[in-house]
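Input: a single structure, listed below in structure tokens.
The values are calculated or read from the model by the stated rules, or taken from the named source; none is laboratory data. Owing to the predicted nature of the structure, the values given are computational and were not obtained by experimental measurement. Here the Cβ positions follow ideal geometry from the backbone for every residue, glycine too, while neighbour counts run over all protein chains shown. We work out accessible area using only protein heavy atoms, side chains counted, and drop any ligands, DNA or RNA first. Shrake-Rupley method; radii C 1.70, N 1.55, O 1.52, S 1.80 Å.
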Protein chains: 2
Amino acid sequence: MRVEIWSDIACPWCYVGKARFEKALAGFPHRDRVEVVHRSFELDPGRAKGDSAPVLDMLGKKYGLTPQQAQDAENNIGANAGAEGLAYRTEGRDHGNTFDMHRLLHFAREQGRQDELIGLLYRANFADEQSVFEGDERLVELAAEAGLDAAAAREVLADPAAYADDVRADEREAAELGANGVPFYVLDRAFGVSGAQPVEVFAQALGQAWDAKPRLATISGEGEVCGPEGCEVPQAGHRA
Amino acid sequence: MRVEIWSDIACPWCYVGKARFEKALAGFPHRDRVEVVHRSFELDPGRAKGDSAPVLDMLGKKYGLTPQQAQDAENNIGANAGAEGLAYRTEGRDHGNTFDMHRLLHFAREQGRQDELIGLLYRANFADEQSVFEGDERLVELAAEAGLDAAAAREVLADPAAYADDVRADEREAAELGANGVPFYVLDRAFGVSGAQPVEVFAQALGQAWDAKPRLATISGEGEVCGPEGCEVPQAGHRA
């Protein structure tokens with residue numbers, strides 16, 4: 001079974017949702033048969049690379065919250081994160097453009113290191129003092145910590161076209177699947193789960209998707225197959 | 001879009017089908033958005049590791065073909081392979097147990113090298129003089145040629161439990177999906193294509209699967225999301 005998770009590194013509910021989903025997965029009897037793929041979604045695609053700002057200021061400017069409302073919102077999410085055992089800095093975090101992180105996550109996926117990298121990016125953004133919006137070298141460090149080759153990661157980051165189409169394609173696909181917010185979970189392209197649901201909702205969704213039998217529309221023609229009883233042999237020259 | 005291909009290295013129609021599928025894919029306008037995953041299927045799971053035999057002898061013993069019929073069958077498949085531009089040795093090939101190759105392919109998938117490795121295994125089995133059933137070192141060589149770490153590949157091969165469950169799970173899934181022979185192609189878990197179909201059938205299947213809009217059964221509840229308009233903030237203590 002495959003679970004695709006659309007999320008953004010800058011999305012605190014994605015960070016919380018990841019912990020909840022992972023708890024459900026840890027208790028799922030068929031967890032070894034579940035493949036998780038992370039898909040790109042930017043909360044703030046219009047923000048220029050390098051244009052980062054303190055989260056509390058951004059909440060004020062972008063959404064018109066008073067400083068106290070902004071701090072309350074952060075404290076609230078921090079409490080939810082804490083309830084899942086996650087560290088969360090409710091003061092001093094930055095907000096910025098995440099496009100490069102998504103490009104790097106696509107590179108990491110090719111290298112079999114996506115899950116490691118996204119976990120480190122979340123931790124770095126929500127729990128570490130150092131900002132993830134400071135430039136490429138912080139991301140190169142995290143890539144190396146995730147088991148990627150540092151030089152290769154640096155090259156990906158330095159080339160703005162690298163994996164850019166993959167990020168855009170994920171975002172188009174999110175829209176096609178009806179997701180206008182994240183986290184958004186898609187199980188075997190059959191079930192969609194929106195939001196940082198409680199662990200039991202994720203558990204139920206995993207069970208429901210597992211039990212659902214795939215129904216394929218089969219396209220079969222004259223293509224030859226091999227089976228336990230041998231290989232079909234068409235008439236000589238049939239294909240030539 | 002994701003295409004899963006169930007196949008066996010010992011399956012000549014899988015080798016031919018791979019070339020035909022790749023031609024269709026090369027002509028598919030959205031080819032950059034297609035991910036190919038190779039799934040395990042053993043034609044001869046009962047055969048012990050190390051128990052290899054010339055293909056022509058096996059065709060005689062297992063299926064009761066006369067030496068001439070066996071040679072004709074191989075020549076026929078060889079002609080089909082040749083029509084796709086593939087080298088094919090119609091004499092002197094071995095047949096044996098492919099379980100270890102499938103385990104290695106699962107390891108390669110984790111490392112982002114599955115497509116490279118399966119291509120090399122097919123070439124080695126159908127076109128090279130040296131047998132792929134001679135022992136681990138031949139497979140280690142091919143793994144290294146595919147870009148995998150040779151020592152890591154050797155470890156996987158030396159541990160019979162490594163990725164064994166993944167191979168078995170693929171095989172169970174093939175049965176659940178209704179595949180009793182290979183190659184078997186599954187597009188986005190919605191369309192199934194059986195056999196080494198002509199290029200145009202693969203092309204049609206790709207187009208049909210691409211155009212099909214996914215319809216998700218959505219499970220949504222009180223899970224919080226972040227969107228372009230900000231993050232939902234539940235009442236303080238709501239989750240605690």
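Before moving on, here are some points about what is shown:
Residue-by-condition table, conditions (1) of a type outside the set (Phe, Trp, Tyr); (2) at positive phi; (3) without any contact (Cβ under 8 Å) to a residue 12 or more places away in the chain:
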| position | (1), (2), (3) |
| --- | --- |
| B:54 | yes, no, no |
| B:63 | no, no, yes |
| B:82 | yes, no, yes |
| B:85 | yes, yes, no |
| B:90 | yes, no, no |
| B:93 | yes, no, no |
| B:102 | yes, no, no |
| B:110 | yes, no, yes |
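- Taken residue by residue, the stretch A:130-153 has no member that is under 30 Å from residue B:6 (Cβ atoms), free of Cβ contacts under 8 Å to residues at least 60 places away in the same chain and β-branched (Val, Ile, Thr).
- Scanning the stretch A:180-231 for residues that are more than 7 Å from every other protein chain (Cβ to nearest Cβ) and under 30 Å from residue B:64 (Cα atoms) gives A:222, A:229.
- Where residue B:47 falls short, out of the listed (1) facing chain A (nearest Cβ under 9 Å); (2) within 23 Å of the chain's Cα centre (by Cα): (1)
- Entirely in the stretch A:65-128, the helices (runs of 4 or more DSSP H) that have 2 or more residues that are of a type in the set (Ser, Thr, Tyr), within 12 Å of another protein chain (Cβ to nearest Cβ) and within 12 Å of the chain's Cα centre (by Cα): none
- Taken over the stretch A:110-137, residues that are open to solvent by 60 Å² or more (accessible area, probe 1.4 Å) and touching a helix residue (DSSP H, G or I) at 6+ places or on another chain (Cβ under 9 Å) amount to 6.
- Just one of the listed residues (B:92, B:27, B:17) is closer than 30 Å to residue B:214 by Cβ, touching a Pro at 6+ places or on another chain (Cβ under 8 Å) and not basic (Lys, Arg), namely B:17.
- Contact map, the stretch B:11-39: first residue touching a residue at least 24 places away in the same chain (Cβ under 8 Å) and open to solvent by 60 Å² or more (accessible area, probe 1.4 Å), second residue among the hydroxyl-bearing types (Ser, Thr, Tyr) and not in a strand (DSSP E or B), Cβ cut-off under 9 Å, separation 6 or more or different chains; the map is empty.
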